[in-house]
Amino acid sequence: MATLPFPLKPAIAGALLLAAIHPAAADGVVEMSFEGFGPAGLHLMTTHTTIEETAASYIIRGDFETAGLGALFVNVANRSVTQGRQAADTPHPVTFDSQTDRNGVLQHLRVDYRPDGMPSGSVTPPPQEAVTPIDTRQLTGTVDNLTAYLLLERQLGHGGGCALKVPVFDGRHRYDLRFSDAGRSVLSPVEGQKFSGPAQACRMVRDEIGGFYVDKQHEEGASAGTIWYAPQFLPGELAVPVRMKMDTEIGGVTVYLSQLRAKGVYLRLME
């Protein structure tokens, strides 16, 4: 692993030593696990992301599910995967599949991102209530949400800032993810997470364009939030999200990186 550009706090130094005695992810694979909590430290959700990259292609797998009291507000489980190609160190999605079980109702989203830049998407079954319309001209050049975050993480990992606007289409929803710088800070251990160290905060806002329920009582996903990224774990490659504060359909959720396996690194930040 390359020399880290920042001094190590004791908690991180100890965690990095685990890399010598625990098997890390295979070359080209980044595995991240997160736990989400609400007010009073109530456990609300668990989520995982795996990124597999070669010089020519990539696969991202993501899943999340509500847990504990979060399942009392809305019981949601999602599995998503995107497969794409690399061109000039830039990821371009080829296919995206996502299946969500929301309170016992399954919905499958599928997108084929064609070489001409115009995606072909589907949603099965279609929404049973009215959704806002999408003009097909608004679909050109879109990517899936997993690729959108990979673009930001690469930009930060290569020394850039948060400023980025990514057009997203997932087969049903069309929106822009708009990121902006929210300052640098040194994070301390909190709520059972042992991470200490410098981080870049990025503000995220989802600008809804089409495919969302007209009735706003049926809000879905995260509409805004702040994400703290640590560039020191995979310098020159990806910045790793270590904490997030998100506005979601189940309310405010604080998400903590609990485990990272990546290219010779193994971190276990939460028990």
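Where strands (runs of 3 or more DSSP E) fall entirely within region 76-123, those with at least 2 residues that are of a type in the set (A, V, I, L, M) and under 27 Å from A56 (Cα atoms) are at 76-87, 105-113.
Taking the numbered list (1) out of contact with any Cys (no Cβ under 9 Å at 6 or more places or on another chain); (2) surrounded by 12 or more Cβ atoms within 10 Å (Cβ to Cβ); (3) among the hydrophobic types (A, V, I, L, M, F, W, C) in turn, V105 passes all entries but (2).
Tell me, which residue of region 181-219 that is among the acidic types (D, E) and touching a residue at least 60 places away in the same chain (Cβ under 8 Å) is farthest from Y256 (Cα to Cα)?
Here is the first cut: in region 181-219, the residues among the acidic types (D, E) are 181, 191, 207-208, 215, 219.
Of the ones still in play, those that are also touching a residue at least 60 places away in the same chain (Cβ under 8 Å) are 191, 208, 215.
Numbers: E191: 9, E208: 26, D215: 31 Å.
The extreme case among them is D215.
Going by the structure shown, is S185 more than 23 Å from G141 (Cα to Cα), part of a strand (DSSP E or B) and at pLDDT below 95? Yes, satisfied. Scanning region 139-165 for residues that are part of a loop (DSSP other than H, G, I, E, B) and surrounded by 23 or more Cβ atoms within 10 Å (Cβ to Cβ) yields T142, D144.
Here's the yes/no breakdown for (1) under 22 Å from I250 (Cβ atoms); (2) in contact with a Pro (Cβ under 8 Å, 6 or more places away or on another chain); (3) among the basic types (K, R):
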{"residue": "V74", "(1), (2), (3)": "yes, no, no"}
{"residue": "N78", "(1), (2), (3)": "yes, no, no"}
{"residue": "G84", "(1), (2), (3)": "no, yes, no"}
{"residue": "D89", "(1), (2), (3)": "no, no, no"}
{"residue": "R102", "(1), (2), (3)": "yes, no, yes"}
{"residue": "R137", "(1), (2), (3)": "no, no, yes"}
{"residue": "L152", "(1), (2), (3)": "no, no, no"}
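Of the residues in region 196-215, none is surrounded by 13 or more Cβ atoms within 10 Å (Cβ to Cβ), among the charged types (D, E, K, R) and over 22 Å from C162 (Cα atoms).
Whether any residue in region 58-65 is at pLDDT below 95, in a strand (DSSP E or B) and within 17 Å of L151 (Cα to Cα) is what I want to check.
Going through region 58-65, the residues at pLDDT below 95 turn out to be 64-65.
Add one more test, that the residue is in a strand (DSSP E or B), and what stays is 64-65.
Filter once more, keeping what is within 17 Å of L151 (Cα to Cα): none.
No; the residues of region 58-65 include none that is at pLDDT below 95, in a strand (DSSP E or B) and within 17 Å of L151 (Cα to Cα).
Within region 146-165, the set of residues being closer than 15 Å to Q232 by Cα and more than 13 Å from the chain's Cα centre (by Cα) comprises Q155, L156, G157, H158, G159, G160, G161. Within region 229-249, being buried (at least 20 other Cβ atoms within 10 Å of the Cβ), under 20 Å from P39 (Cβ atoms) and touching a Phe, Trp or Tyr at 6+ places or on another chain (Cβ under 9 Å) holds for R243, M244.
Annotation for region 166-182: no member residue is more than 17 Å from the chain's Cα centre (by Cα), closer than 16 Å to A230 by Cα and assigned to a loop (DSSP other than H, G, I, E, B). The residue that is surrounded by the most Cβ atoms within 10 Å (Cβ to Cβ), among those in region 1-49 that are assigned to a loop (DSSP other than H, G, I, E, B) and modelled with pLDDT of 80 or more, is G38.
All of E129, E52 fail the test of being at pLDDT below 95 and charged (D, E, K, R), apart from E129. Taking the criterion of being of a type in the set (A, V, I, L, M, F, W, C) and either closer than 19 Å to Y58 by Cβ or in contact with a Cys (Cβ under 7 Å, 6 or more places away or on another chain) (or both), the residues of region 226-264 that qualify are I227, F233, L234, L238, A239, V240, L260, A262.
The values are calculated or read from the model by the stated rules, or taken from the named source; none is laboratory data. Not measured: the values here are computed from a predicted model. Glycine gets a Cβ as well: all are built from the backbone with ideal geometry, and neighbour counts include every protein chain shown.
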